[in-house]
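The values are calculated or read from the model by the stated rules, or taken from the named source; none is laboratory data. Here the structure is a predicted model, which means the values were calculated and not measured. Neighbour counts run over all protein chains shown; Cβ positions are idealised from the backbone, glycine included.
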Amino acid sequence: MLHKKDFVIGFVIWNLSDFRTSQSSFRIMQNRKGVLNRIKEPKLAAKVVKEVFQQGRGEGR
């Protein structure tokens, strides 16, 4: 999706890995938004991120 938008020139991976958070009504199952799991093993998202970076700058548009 990022390559399809001319106004997007980059992106940042906000959470590299999942991390433990205190339990509340907003975070029942911890924080699982990372590219790696809590023991730093790659998740499916890691494969996608790797493919995007291997495409190189400007490709895929």
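Computed values, structure above
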quantity	calculated
Cβ-Cβ under 8 Å pairs, at least 6 apart or on other chains, the range 29-55 side more than 21 Å from Met1 (Cβ to Cβ) and among the basic types (Lys, Arg), far side modelled with pLDDT of 80 or more and not in a loop (DSSP other than H, G, I, E, B)	Arg38/Ser17; Arg38/Phe19; Lys40/Ser17
Which listed residue is at pLDDT below 80, surrounded by fewer than 12 Cβ atoms within 10 Å (Cβ to Cβ) and more than 10 Å from the chain's Cα centre (by Cα), from Gln23, Gln30	Gln23
Search result, residues across the range 5-17 that are in contact (Cβ under 8 Å) with a residue 40 or more places away in the chain and under 15 Å from Val48 (Cβ atoms)	none
